[in-house]
Structure formats: C-alpha cells, structure tokens
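**Q** Here's a structure for you.
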Amino acid sequence: MADQLVLENSQVCAVVLPQYGAGLARFDLRWRGNRLPVFRPLAGEPKDECDLALFLLAPFSNRIGQGGFAWHGRRYPLPANWADEPCPLHGDAWQQAWTVTEQSSSQARLELKSRHTMPFAYDAQIDWRLEGAALCATLTLTHRGPDTMLYGGGFHPWFLREPDVQLQALADGWWAEDARHLPTHWQAVAGDESRNFRSARPLPAEFVNALYTGWNGQAKMLWPRRGLALEVGADAPLNRYVFYSPGAEADFFCFETVSHDIDAHNRASPQQAGLVALDEGADLRLSARFTASPS
C-alpha cells in the first residue's frame with residue numbers, strides 16, 4: 001500500500017494516507033481481541049480517492065454547477081475534476097499529496113499549500129488524533145489569495161451497509177436534486193417518514209442522495225449484528241449533512257458532515273447557504289469527532 005501513518009491506542013486505530021489527500025485507509029474499534037471496522041476499510045492499493053475510508057472536503061463540499069460561479073462582480077470558471085462528472089466535485093484537497101509535519105503514536109498533523117484550483121489559493125492543515133475510543137479531526141483552511149473568497153468543506157466517510165444498520169440524525173429538511181445531482185427545491189422532513197432520521201431507523205431501500213439542513217451536529221449509527229455503534233459529533237459551522245445511499249443492493253453508504261449547501265457558490269446569497277467569505281490570511285476551522293463503542 002502507499003505510504004501510511006498508523007495511529008493507535010488501546011481502544012481504536014486509524015491509518016492515514018498522506019499521498020491520498022491525507023485521507024484514511026481505515027478506522028477500527030478494538031474489541032475482545034478483534035478489530036471492528038467503523039468506516040468501510042480500504043481493500044488493497046486504492047484505485048482513486050473514492051476507495052478510501054474517509055477523505056477531506058476542501059475548499060468546498062460536493063458540486064459547483066454552471067461551470068463555475070460569480071462573486072463580487074467577477075466570473076470564476078472551474079474545471080471538472082472527476083471522470084464522467086461534469087461539475088467540479090468535493091474541492092481539490094482530496095486529490096493532492098499532503099506533507100506530514102508532526103506525528104506521534106496517536107496523533108498526526110499534515111499540511112498542504114494548494115494553488116491548484118484558482119481562485120482557491122489556500123493553506124490547509126489537518127490534525128488527526130485519537131482520544132479514547134474517538135477519532136478527532138480538525139481541518140483548518142487559510143486563504144492566501146489577495147481577493148476575498150468563499151470557502152467551505154467537511155468530512156466524507158464511507159460506511160459499511162449491512163441489512164441491520166440504522167441511522168439517527170435530526171434535521172429540519174432536505175434538498176431534492178436533478179439529474180446532475182444539483183439542488184432543485186427544499187422539502188421539510190416533517191410528514192415525510194421515508195426521509196426522516198429523527199430516531200434510529202433502517203436505511204431506505206431506494207437511492208438517496210440528499211443534503212439535510214438544520215442538523216444539530218449529532219448523529220448515531222448502529223450495526224447490531226456486528227455489535228458496533230458510532231456517535232458522530234460536529235462543531236459549527238458543520239451544521240448540515242449529506243446522506244448518500246445507492247440502495248439496498250449497495251455495500252456502502254455515506255454520511256458527510258458539511259458546512260454549506262450543494263452549489264452554494266451559485267446561490268443568490270452564498271453566505272446564507274453556509275459558505276464563509278475569507279480575507280487574505282483568515283481561517284476557517286472545521287472539527288468533527290467519531291466515537292466508536294460496542295453496542
């Protein structure tokens with residue numbers, strides 16, 4: 001496998017891949033002599049970053065439509081960055097090699113100086129650390145361009161979809177999407193039990209790819225057959241999540257903690273859609289925590 005950093009303590013272990021966007025190859029709970037995968041583990045050498053257990057979203061999450069966006073009277077065209085995908089997807093931090101600047105047995109700091117996709121000129125820092133049975137992540141983005149620019153991001157883990165898996169994540173509504181996976185209209189979850197995860201419930205059998213708003217930063221997943229539970233905690237501005245599940249036949253699903261709406265750069269008010277305008281030298285900090293336990 002590519003160069004990797006192994007972080008471990010008596011309760012959990014994680015494997016970081018600097019060359020693959022500082023993402024994770026796996027995150028496991030140690031329990032009774034076994035290692036229970038919390039994220040979907042990487043199998044062998046990755047073909048691309050979507051094979052990872054988790055990758056970082058920066059300097060934006062999900063898609064930007066219309067071939068780019070306009071901001072402060074200027075048009076910024078953006079190239080597509082993924083095969084068979086017409087929209088720029090998940091930023092560019094996940095597709096670059098990062099540099100390890102600090103490491104111990106249970107903690108690592110990696111850094112990136114990205115000028116790859118203008119106008120997003122930024123420095124990034126990710127701190128991965130293990131605290132008990134928790135994997136803690138803090139992603140810091142510092143704008144280095146001369147003009148104020150819109151930033152966002154988040155964390156994109158992949159999870160094993162098994163017949164008994166359950167999800168709990170409070171939200172007030174979700175965005176429907178078009179064929180390009182761009183948002184069309186917002187719908188309240190109240191009265192729509194098929195899209196409501198206010199209490200733990202099995203995953204829908206049909207295809208779902210939706211951004212949920214009004215999230216309180218707390219979620220829980222249960223795999224009863226494997227005896228595994230996971231609590232997800234995120235700090236503001238990570239107050240939205242993307243739930244992606246191809247359907248009952250798939251062996252995975254995604255629960256992405258994100259700071260802004262999909263295609264927020266093209267909204268009438270990008271900042272109301274969650275993006276943060278950073279002046280040169282200003283920071284955006286995104287923090288999440290994944291705590292595993294036997295269920």
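The values are calculated or read from the model by the stated rules, or taken from the named source; none is laboratory data. As the structure is a computational prediction, the values presented were derived from the model and not from experiment. Quick reminder, even Gly has a Cβ in these numbers, built from the backbone with ideal geometry, and neighbours come from all protein chains shown. The area values use the complete protein model at the heavy-atom level, side chains included, leaving out ligands, DNA and RNA. Shrake-Rupley method; radii C 1.70, N 1.55, O 1.52, S 1.80 Å.
**Q** Size of segment 202-295 along its principal axes in angstrom, Cα-based, largest extent first?
**A** In descending order, the Cα extents are 49, 28, 19 Å.
**Q** Where does the chain land on the Kirkwood hydrodynamic radius, alpha-carbon pairs, in angstrom?
**A** It is 19.3 Å.
**Q** Under 5 Å between amide H atoms, partner at least 5 residues away or on a different chain: which partners does H260 have, H built in plane at 1.01 Å?
**A** G153
**Q** Provide the per-residue ³J(HN,Hα) series for segment 13-22, in order, calculated from phi with Karplus coefficients 6.51, -1.76, 1.60 and θ = phi - 60°, each as a whole number of Hz, with x at glycine and proline positions.
**A** Calculated HN-Hα couplings, in order: 8, 9, 10, 9, 10, x, 6, 10, x, 6 Hz.
**Q** Could you work out the longest stretch of the chain that avoids the GluC sites (Glu not before Pro) located in DSSP loops with at most 11 other Cβ atoms within 10 Å?
**A** Looking at the chain, 1-205 is the longest stretch - no exposed GluC sites (Glu not before Pro) with at most 11 other Cβ atoms within 10 Å.
**Q** Rolling a 1.4 angstrom probe over the protein chains, ignoring ligands and nucleic acids, what is the accessible area of C254 in square angstrom, nearest 10?
**A** 0 Å²
**Q** Quick one: P(r) of segment 76-163 from all Cα-Cα pairs, 5 Å bins, percents rounded to integers, in order of increasing distance.
**A** Percent of Cα pairs in each bin: 3, 11, 19, 20, 18, 13, 9, 5, 2, 0, 0.
**Q** Which value does Rg/Rh take for segment 1-102 over its C-alpha atoms, Rh per Kirkwood? Before the final figure, lay out the partial values.
**A** Values: Rg = 16.9 Å, Rh = 15.4 Å.
Radius of gyration over Kirkwood radius for segment 1-102 works out to 1.10.
**Q** Still on this structure, I have one more. Just subtract the alpha-carbon distance of S105 and A179 from 0.36 nm times their residue separation and send over the number in nm, one decimal.
**A** That pair, S105 and A179, stretches by 22.1 nm at full extension.
**Q** For the residue pair D172 and C50, what label-to-label distance in nm results when each label sits 7 Å from Cα along the Cα-to-beta-carbon direction?
**A** In this crude spin-label approximation the distance works out to 3.3 nm.
**Q** Let me ask another. To the nearest 20 Debye, how big is the dipole of segment 178-244 about its Cα centre, given +1 on the beta carbon of each Lys and Arg and -1 on that of each Asp and Glu?
**A** Roughly 220 debye, rounded to the nearest 20.
**Q** To continue, here is another question. Show me the trypsin sites (Lys or Arg not before Pro) within segment 1-80 that DSSP assigns to loop and that have at most 13 other Cβ atoms within 10 Å of their Cβ.
**A** For trypsin sites (Lys or Arg not before Pro) across segment 1-80 that sit outside H, G, I, E and B with at most 13 neighbouring Cβ atoms in 10 Å, the list reads R32, K47.
**Q** How far apart, in nanometres, would the label points at D279 and F252 be if each is projected 7 angstrom from Cα along the Cα-to-Cβ direction?
**A** 4.1 nm
**Q** With +1 assigned to the C-beta of every Lys and Arg and -1 to the C-beta of every Asp and Glu, and no other charges, what is the dipole magnitude of the chain about the Cα centre in debye, to the nearest 20?
**A** Computed charge dipole of the chain: roughly 420 debye.
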